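*Asks:* The structure's right below; bear with me while I get my questions together.
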Amino acid sequence: MSSSDMKIITVIGSGLIGRSWAMVFVSGGYSVKIYDNQPGQSANAITEIRKQLEELEEAHMLRGDLTSKQQLSLLSSYEDLAPALEGAFFVQECVFEQLEVKQSVFQDIERLVGKEVILSSSTSCLVPSKVFSNVQSRSRCLVSHPVNPPYYVKLVELVPHPETATAVMDTTHSLMTKVGQAPVRLMKEIDGFALNRVQAAIIAESWRLVQDGVISVKDIDLVMSEGLGMRYAFIGPMETMHLNAPAGLEDYMKRYGEGIQRILTSFGPVPHFSGSEGAKSVVNEMCELIPNDQQHLSARMERRDRLLMGLAKLKKEH
Ligand SMILES: NC(=O)c1ccc[n+]([C@@H]2O[C@H](COP(=O)([O-])OP(=O)(O)OC[C@H]3O[C@@H](n4cnc5c(N)ncnc54)[C@H](O)[C@@H]3O)[C@@H](O)[C@H]2O)c1
């Protein structure tokens, strides 16, 4: 496929993630066709995106070189699948996280596009070999797993199906880089991919420490936001270790490896996250800090997104 044929991307499903992907792709100058099977939903998505792009422009946080008006002119909405897919070289699926729904969506898409069109899923928890099991030509399939909200948090995990062609991983990696995301490649599929596996490990130990009465909910969150997170926003755990000993990673492990192994063997079993008395008490403690009503949660979500926007700006400058 020549680069002149690689101008149109179709986004399937126009909820939270579909809208974000559309914004990311138009920021890179691609034409984006949005399709949703709920009547009016894809048109509503464009109205919502317009609002967001204008706000971002005003806050000098609009991504890419185009104005919000130029970016909006690249968007179109569809209620029929066939015209939505016409001319696309890349399809990003963002429908509900239900295996059967995704499998049937990809089956429908495959009937309407050529074999060279890349089929990419936003799934957070389903492995590619399941998502694409009904697709005949699987070498063009992969998962491109974003992190919410993808406009500020740029990581995308590219996860291959066992049959995915290397060229498809390469093209997707280039596309994601071109639109300003930060793609990482998994060499093979695994439940939870990389991000959610690391996240699950952090959640489990945080939960155990609170439930076992070692630390409060408030303070374990500070361990991350004022401690580990300060470094992790810029350098990962591997580089952190490499820089935390005079002679790098090997030296670090000579000094601290045994301690880390001892701590790891003291980790408890996988906690019960709901139903038990312990779980209820963790939830209550959290709700005392931030009540779980819409007003409080929305205010904290807005704060989170504002802070992420500031951090994205800072990272851009470094
Ligand atoms: N929300 C997150 O934090 C997050 C993060 C990373 C990945 N994801 C993944 O992204 C995907 C979408 O999640 P979301 O949060 O945007 O969900 P959502 O519920 O906000 O949106 C889903 C959209 O898909 C549409 N849809 C459902 N079935 C469809 C079909 N058959 N054809 C066309 N459109 C259809 C719905 O009308 C809805 O607009 C999921 O696979 C999810 O796991 C979500």
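*Asks:* Compute the Rg/Rh shape ratio of the chain: radius of gyration over Kirkwood radius, all on alpha-carbon atoms.
*Replies:* Computed over Cα atoms, the ratio is 0.99.
*Asks:* Projecting each Cα onto the charge dipole of segment 3-185 (Lys/Arg +1, Asp/Glu -1 at the beta carbon, about the Cα centre), which of 124, 14, 49 comes out farthest on the positive side?
*Replies:* The residue sitting most towards the positive pole is 124.
*Asks:* Round to a whole angstrom and tell me the spacing of the C-alpha centers of segment 278-318 and segment 77-95.
*Replies:* The two parts, judged by their Cα centres, are 34 Å apart.
*Asks:* What's the angle, to the nearest 10 degrees (0 to 90), between helix 277-289's Cα axis and the longest principal axis of the chain?
*Replies:* Compared with the principal axis, the helix lies near 80 degrees.
*Asks:* Using alpha-carbon positions, what is the distance between the centroids of segment 4-29 and segment 108-157, in Å?
*Replies:* When both Cα centres are located, 13 Å separates them.
*Asks:* Follow-up. Farthest toward the dipole's positive end in the chain, which of 89, 244, 201, given Cβ charges of +1 (Lys, Arg) and -1 (Asp, Glu) about the Cα centre?
*Replies:* About the Cα centre, the residue reaching furthest to the positive side is 244.
*Asks:* Still on this model: Provide the per-residue ³J(HN,Hα) series for segment 156-166, in order, calculated from phi with Karplus coefficients 6.51, -1.76, 1.60 and θ = phi - 60°, each as a whole number of Hz, with x at glycine and proline positions.
*Replies:* Using θ = phi - 60°, the values come out as 10, 8, 9, 10, x, 6, x, 9, 4, 6, 4 Hz.
*Asks:* Arrange the following residues from fewest to most other Cβ atoms within 10 Å of their Cβ: 67, 171, 10.
*Replies:* With the fewest neighbours first, 67, 171, 10 line up as 67, 171, 10.
*Asks:* Shape verdict for segment 3-185, please, from the Cα gyration tensor: rounded (a/c under 1.5), prolate (a/b greater than b/c) or oblate.
*Replies:* prolate
*Asks:* Further question on the same structure: Per DSSP H run of at least 4 residues, take -39500 (n - 2.57); add these up for the chain, divide by its residues and hand me the 222 nm value, nearest 500 deg cm²/dmol.
*Replies:* My calculation for the chain gives -15500 deg cm²/dmol from helical runs alone.
*Asks:* Which of 264, 155 has the fewest other C-beta atoms within 10 Å, and how do the rest follow up to the most?
*Replies:* Going from least to most buried by this count: 264, 155.
*Asks:* Something else: Arrange the following residues from fewest to most other Cβ atoms within 10 Å of their Cβ: 170, 36.
*Replies:* Neighbour counts put them in this order, fewest first: 170, 36.
*Asks:* With +1 assigned to the C-beta of every Lys and Arg and -1 to the C-beta of every Asp and Glu, and no other charges, what is the dipole magnitude of segment 3-185 about the Cα centre in debye, to the nearest 20?
*Replies:* 320
*Asks:* Amide H of residue 34: which non-local residues (sequence gap of 5 or more, or other chain) have their own amide H closer than 5 Å, using H built in the peptide plane?
*Replies:* Result for residue 34 returns 11, 76, 77, 78.
*Asks:* Another question, then. On C-alpha positions alone, give me the angle between the axis of helix 249-265 and the longest principal axis of the chain, in degrees, nearest 10.
*Replies:* That helix lies at roughly 80 degrees to the long axis.
*Asks:* Mind listing the phi-derived Karplus ³J(HN,Hα) values for segment 108-113, rounded to whole Hz, using 6.51, -1.76 and 1.60 with θ = phi - 60°, and x for any glycine or proline?
*Replies:* Per-residue couplings from phi come out as 5, 5, 4, 5, 10, 10 Hz.
*Asks:* Additional query: What is the dipole size for the chain, taken about its Cα centre, with +1 at each Lys and Arg Cβ and -1 at each Asp and Glu Cβ, in debye to the nearest 20?
*Replies:* 520
*Asks:* Report the calculated FRET efficiency for residue 230 and residue 97 (r = Cβ-Cβ distance, R0 = 35 Å), to the nearest 0.05.
*Replies:* Once rounded, the FRET efficiency stands at 0.65.
*Asks:* Quick check on segment 3-185: of the DSSP beta bridges with both residues there, what percent are antiparallel, nearest 5%?
*Replies:* Here the antiparallel bridges make up roughly 15 percent for segment 3-185.
*Asks:* Can you compute 3J(HN,Hα) from phi for each residue in segment 77-89, using the Karplus curve 6.51 cos²θ - 1.76 cosθ + 1.60 with θ = phi - 60°, rounded to whole Hz and x for Gly and Pro?
*Replies:* 10, 9, 10, 10, 5, 4, x, 5, 8, 4, x, 6, 9
*Asks:* If I fit a long axis through the Cα atoms of helix 41-58 and take the longest principal axis of the Cα atoms of the chain, what angle between them do I get, 0 to 90°, rounded to 10?
*Replies:* Helix 41-58 and the main axis of the chain meet at about 60 degrees.
Just so you know, all these numbers are worked out from the coordinates, no wet-lab data involved. Small disclaimer: the values here were computed from a predicted structure and weren't measured. Cβ coordinates were reconstructed from backbone atoms using ideal geometry, including for glycine residues, and neighbour counts include every protein chain displayed.
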